[in-house]
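To keep things clear, I will list the structure first and then write my remarks on it.
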Amino acid sequence: MAILLSLLSAVSYGVSDFLGGIFAKRAGAWQVAFVGQLSSTACVSVAALVIGGAATRGDWLWGAAAGLGGGIGTAFLYRGLAGARMGVVAPLSAVTCALLPVAVGLAVGERPSLLAAVGIVLAFPAILLISRMVDEDPSHRGGVVDGILAGLGFGMLFAALGQVGDEAGLYPLILTQGFSVVSVVLTALALGQAWVPRDPAAWRAIVMGPLGALATSTFLVATTYGLLSVVAVISSLYPAITVLLAALVLSERIHAWQGVGLALAAGAVSLVALG
């Protein structure tokens, strides 16, 4: 069950990122991020009220921490992709995102089986290869710091959600999504970016709300069935979905290294499932 939920989380994140990339070409990236996060907050709130739960004070705090991490990750990812080398920012953020929750899981005593451990190790080069992009714009320099900070933010999102209690339901995710909205707005203001969705095209991002809510919800539930170190790695394979959609819908080329990464990702998921 944990593997299936983790894969569903990865698919949801991947589709959301694909749509976000398309919408950001018509409207500002920060406007799209704001609308998408706001829509996710509304969707999660409704789902949480329907499902119910018994969240403790600690669960709420972990939910808030996760939202802060998600907002920071989004902010630095967008800043990095806008002004740095995409081929550096994207893979660094993806790998770091997976690495942090794995480290946290192992630190709190998780011990995956041998097959699962091999799958986890195999997933890192898969993520690196899949998310590697070609960016020949000479004005895009650096990106190491933004990529690492973005990955740490998303990793914090995953690691914090992994600490939420099994009986909390989806209530902590209300704070997670809400804090993400606040983080996006504050970072946009600090960077002097326009975040108010004045462009009508930005409101298309409202369809990303259910996807974002589904992604975080399935990740949270998956951690109640399986190890954080396993769930986080499988969910972090979301770039594979974005790459496949770009190839199928936009006819973008899948490069040789991305093909190798997709094969490694399939092997990683299989080993973790068998483990």
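The values are calculated or read from the model by the stated rules, or taken from the named source; none is laboratory data. If you're wondering where the values come from, they're calculated on a predicted model, not measured in any experiment. FYI the Cβ positions are ideal-geometry reconstructions off the backbone, even for glycines, and counts take in every protein chain you see.
Check off (1) among the hydroxyl-bearing types (Ser, Thr, Tyr); (2) more than 20 Å from Thr224 (Cα to Cα); (3) surrounded by fewer than 22 Cβ atoms within 10 Å (Cβ to Cβ) for Thr56 and give me the number that stays unchecked.
(2)
Could you list, in sequence order, all residues of segment 238-265 that are loosely packed, with under 14 Cβ neighbours inside 10 Å and closer than 20 Å to Leu115 by Cβ?
Ala263
State which residue is surrounded by the most Cβ atoms within 10 Å (Cβ to Cβ) when the search covers only segment 4-30 and only residues that are among the β-branched types (Val, Ile, Thr) and over 9 Å from Ser235 (Cα atoms). Give the derivation first.
Residues of segment 4-30 among the β-branched types (Val, Ile, Thr): 11, 15, 22.
If we keep only those that are over 9 Å from Ser235 (Cα atoms) as well, we get 15, 22.
Numbers: Val15: 19, Ile22: 16.
Here the residue is Val15.
Between a first residue in segment 109-134 that is in contact (Cβ under 8 Å) with a residue 60 or more places away in the chain and within 25 Å of Leu244 (Cβ to Cβ) and a second residue that is in a helix (DSSP H, G or I) and of a type in the set (Ser, Thr, Tyr), which pairs have beta carbons less than 8 Å apart while being 6 or more apart in sequence or on different chains?
Gly119/Ser270; Ile120/Ser229; Ser131/Ser93
If you go through segment 10-48, how many residues are closer than 23 Å to Val182 by Cβ, assigned to a helix (DSSP H, G or I) and either in contact with a strand residue (DSSP E or B) (Cβ under 8 Å, 6 or more places away or on another chain) or not hydrophobic (A, V, I, L, M, F, W, C) (or both)? Give the derivation first.
Within segment 10-48, the subset closer than 23 Å to Val182 by Cβ is 12-13, 16-17, 19-20, 23-24, 27-48.
When the remaining residues are screened for being assigned to a helix (DSSP H, G or I), the result is 12-13, 16-17, 19-20, 23-24, 29-48.
Next, from what is left, pick out any that are either in contact with a strand residue (DSSP E or B) (Cβ under 8 Å, 6 or more places away or on another chain) or not hydrophobic (A, V, I, L, M, F, W, C) (or both): 12-13, 16-17, 20, 31, 36-37, 39-41, 45.
Selection size over segment 10-48: 12.
So which of Phe158, Phe179 ends up being under 29 Å from Ala273 (Cα atoms), among the aromatic types (Phe, Trp, Tyr) and assigned to a helix (DSSP H, G or I)? Spell out how you get there, then give the answer.
Values: Phe179 fails: under 29 Å from Ala273 (Cα atoms).
That would be Phe158, the only listed residue that is under 29 Å from Ala273 (Cα atoms), among the aromatic types (Phe, Trp, Tyr) and assigned to a helix (DSSP H, G or I).
All but one of (1) modelled with pLDDT of 90 or more; (2) touching a Ser or Thr at 6+ places or on another chain (Cβ under 8 Å); (3) more than 11 Å from Gly36 (Cα to Cα) hold for Ser183; which doesn't?
(1)
Select from segment 149-180 the residues that are within 26 Å of Leu99 (Cβ to Cβ) and of a type in the set (Val, Ile, Thr) and list them in ascending order.
From segment 149-180, those within 26 Å of Leu99 (Cβ to Cβ) are 149-166, 168, 172-173, 175-177, 179-180; that's our starting set.
Within segment 149-180, Val164, Thr176 qualify.
Restricted to segment 266-275, and to residues that are within 12 Å of Val118 (Cα to Cα) and part of a helix (DSSP H, G or I), which residue is farthest from the chain's Cα centre (by Cα)? Steps first, please.
Of all residues in segment 266-275, those within 12 Å of Val118 (Cα to Cα) come to 267-275.
Restricting the remaining residues to those that are part of a helix (DSSP H, G or I) gives 267-274.
Details: Gly267: 21, Ala268: 18, Val269: 17, Ser270: 21, Leu271: 22, Val272: 20, Ala273: 21, Leu274: 25 Å.
Applying the filter and picking the extreme gives Leu274.
Somewhere in segment 202-223, is a residue surrounded by fewer than 20 Cβ atoms within 10 Å (Cβ to Cβ) and assigned to a loop (DSSP other than H, G, I, E, B)?
No, segment 202-223 contains no residue that is surrounded by fewer than 20 Cβ atoms within 10 Å (Cβ to Cβ) and assigned to a loop (DSSP other than H, G, I, E, B).
Yes or no, residue by residue, for (1) modelled with pLDDT under 70; (2) in contact with a Phe, Trp or Tyr (Cβ under 7 Å, 6 or more places away or on another chain):
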position	(1), (2)
Val121	no, no
Pro125	no, no
Ser131	no, no
Val134	yes, no
Arg141	yes, no
Ala150	no, yes
Met156	no, no
Gln163	no, yes
